[in-house]
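Heads up: the structure comes next, in structure tokens.
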Amino acid sequence: MKKTITKWFDNTQSQVEQLTNPDAIDLTRIIPFIAIHLACLFVMVVGVSWVAVLVCVLSYGLRMFAITAFYHRYFSHKSFKTSRWMQALFAALGATATQRGPIWWAAHHRHHHIHADSNADTHSPKDGFWHSHLKWFLMKKNFATKSEYVRDLEQYPELKFIDRFDILFPIIYAFLLFALGAALQTWQPQLGTSGWQMVIWGYFISTVLLSHITYCINSLAHVFGSREYATKDDSKNNFWLAILTLGEGWHNNHHCCPGSVKQGFKWWQIDVSYYALYLMDKVGLIWDLKYPNQELLNKKLIRHKP
Ligand SMILES: [Zn+2]
Ligand SMILES: [Zn+2]
């Protein structure tokens with residue numbers, strides 16, 4: 001039991017663990033994952049208010065941005081540069097999305113780009129929807145960070161700390177939401193919210209939505225949609241996923257040019273994360289944004305018959 005608890009709080013345990021059955025689901029480690037889903041049922045106890053729903057949506061948007069713009073486009077693909085402070089801030093904010101730490105996330109993602117839809121791909125939908133959606137990260141062998149892919153990120157002690165103790169960040173986030181709800185209950189009682197209501201909507205419901213929509217990029221964006229570019233994988237462009245994930249649904253574009261800061265290449269390919277990054281560039285918070293090479297795009301373009 002003690003070993004399980006330490007594994008929940010300290011990811012270095014996974015790095016040194018000797019695995020007897022690496023493909024099996026880690027039944028003790030997935031308890032927090034299941035608990036987050038079950039906690040949403042407490043909505044029947046805490047009720048609803050418009051302010052709690054608003055915080056749920058804002059919490060989703062902010063953390064989806066941290067995942068797509070920073071965990072994905074920055075930590076995994078280095079598609080722009082920023083300061084060490086911003087890097088740490090968004091690493092911590094991304095950790096509140098409860099998808100593990102930035103180094104673990106980037107390592108698995110870089111591995112995906114190298115092996116996409118081959119036998120070595122950790123989360124190809126060729127191994128089934130549920131495998132690519134969530135089973136892959138519940139397997140014993142995938143709790144460890146694939147360190148060989150992320151030596152550049154491991155040189156920052158603050159990132160290593162966030163990655164090692166990633167579970168602390170959702171706990172702090174939920175505590176802040178509780179404080180917000182309790183403060184509103186005291187000073188703005190007409191809003192009809194409370195500490196626990198804010199935690200259930202702002203953290204639990206928001207996180208479950210955020211998690212499953214993110215997983216859909218692995219499970220659905222390699223299956224449903226259209227292909228514009230000849231990539232060696234099955235990646236697809238999907239409008240609805242692009243809306244829900246702030247731009248990640250242009251997944252075929254992304255597999256064509258993984259290092260590009262923008263994933264919507266045409267004006268109508270809505271890419272909210274890119275619009276926000278563009279503004280952050282304009283005010284000097286990030287710089288050296290990388291764009292796709294037009295020559296490469298032309299070369300890989302699939303010429304659809306008229
Ligand atoms: Zn992919
Ligand atoms: Zn990627």
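Where a Cα-Cα gap under 23 Å defines reach, which lysines qualify for residue 3, not counting those fewer than 8 residues away within the same chain?
Within the straight-line limit of under 23 Å, residue 3 reaches these lysines: 135, 140, 141, 146, 160.
Students often forget the sequence filter, so: which lysines lie under 16 Å Cα-Cα from residue 232 once same-chain residues fewer than 8 apart are removed?
Of all the lysines, those that pass the test against residue 232 - Cα under 16 Å, at least 8 places apart if same chain - are 126, 299, 300.
Quick one: length gained pulling residue 130 to residue 275 fully straight, 0.36 nm per residue minus the C-alpha distance? Working shown, then result.
Values: separation 145, 0.36 × 145 = 52.20 nm, distance 3.20 nm.
49.0 nm is the gain from fully extending residue 130 to residue 275.
Under a point spin-label approximation (7 Å from Cα along Cα-to-Cβ), what is the residue 285-residue 30 distance to one decimal in nm?
My value for the distance between the label points is 3.6 nm.
How much length is gained if the chain between residue 113 and residue 171 is pulled fully straight, taking 0.36 nm per residue apart and subtracting their Cα-Cα distance, in nm to one decimal? Intermediate values should be presented prior to the final figure.
Details: separation 58, 0.36 × 58 = 20.88 nm, distance 3.12 nm.
Taking residue 113 through residue 171 to full extension adds about 17.8 nm, to one decimal.
If you place +1 on the Cβ of every Lys and Arg and -1 on the Cβ of every Asp and Glu, how big does the dipole about the Cα centre of the chain come out, in debye to the nearest 20? Working shown, then result.
On the way: 30 positive and 21 negative charges, 79 e Å.
About 380 debye.
When only Cα pairs under 8 Å and 6 or more residues apart are kept, what is the percent relative contact order across the chain? Show your work: numbers first, answer last.
Working: 478 pairs, mean separation 68.5, N = 306.
With pairs under 8 Å counted, the relative contact order is 22 percent.
Compute the separation of the alpha-carbon centres of segment 72-87 and segment 104-130 and state it in Å as a whole number.
Their Cα centres are 22 Å away from one another.
Could you name the lysines whose alpha carbon sits less than 25 Å from that of residue 282, not counting residues in the same chain fewer than 8 places away?
78, 81, 262, 266, 290
Most exposed first by the Cβ proxy, i.e. fewest other Cβ within 10 Å, how do 153, 41, 191 rank?
On the way: 153 25, 41 10, 191 15.
Sorted ascending by nearby Cβ count, the order is 41, 191, 153.
Using only DSSP helix segments of four residues or longer, with each worth -39500 (n - 2.57), what per-residue ellipticity at 222 nm results for the chain after dividing by its residue count and rounding to 500? Please report the intermediate quantities before stating the final value.
Values: 15 runs with 145 residues, N = 306.
So the helix-based figure for the chain works out to -13500 deg cm²/dmol.
Can you tell me the equivalent ellipsoid semi-axes for segment 150-306? Use √(5λ) from the Cα gyration tensor, largest first, whole Å.
On the way: eigenvalues 272, 82, 53 Å².
That gives 37, 20, 16 Å for the three semi-axes.
Arrange the following residues from fewest to most other Cβ atoms within 10 Å of their Cβ: 25, 167, 114.
Details: 25 13, 167 16, 114 10.
Final ranking by Cβ density, sparse to dense: 114, 25, 167.
Rounded to whole Hz and in sequence order, give me ³J(HN,Hα) for segment 224-231 from the Karplus expression 6.51 cos²θ - 1.76 cosθ + 1.60, θ = phi - 60°, writing x for Gly and Pro.
Running phi through 6.51 cos²θ - 1.76 cosθ + 1.60 with θ = phi - 60° gives 9, x, 10, 10, 9, 10, 7, 9 Hz.
State whether segment 24-101 is rounded, prolate or oblate according to the following rule on the C-alpha gyration tensor (a ≥ b ≥ c being the square roots of its eigenvalues): a/c under 1.5 gives rounded; otherwise a/b larger than b/c gives prolate, and the remaining case gives oblate. Write down the numbers at each step before the final one.
Details: a/c = 3.25, a/b = 1.41, b/c = 2.31.
Judged from the Cα gyration tensor, segment 24-101 comes out oblate (a/c at least 1.5, b/c at or above a/b).
Gaussian network model of the chain, Cα springs within a sub-10 Å range: biggest mean-square fluctuation belongs to which of 26, 117, 152?
Comparing 26, 117, 152 in the GNM, the peak value goes to 152.
On the first, second and third principal axes, largest extent first, how far apart are the outermost C-alpha atoms of the chain in Å?
Extents along the principal axes: 61, 50, 37 Å.
Work out Dmax and Rg for segment 76-174 from the C-alpha atoms and quote the Rg first, both in angstrom.
Cα-based Rg and Dmax for segment 76-174 come out at 14.1, 40 Å.
What ranking, highest mean first, results for peptides 65-76, 255-266, 45-56, 29-40 when packing means the other Cβ atoms within 10 Å averaged over each residue? Intermediate values should be presented prior to the final figure.
Working: 65-76: 25.1, 255-266: 21.4, 45-56: 16.8, 29-40: 13.5.
By packing density, highest mean first, the sequence is 65-76, 255-266, 45-56, 29-40.
Since every read-out is calculated from the coordinates, none of them should be taken as a lab result. This is a predicted model, so every value here is computed, not measured. Every residue, glycine as well, gets a Cβ built from its backbone with ideal geometry; the counts of neighbours run over all protein chains shown.
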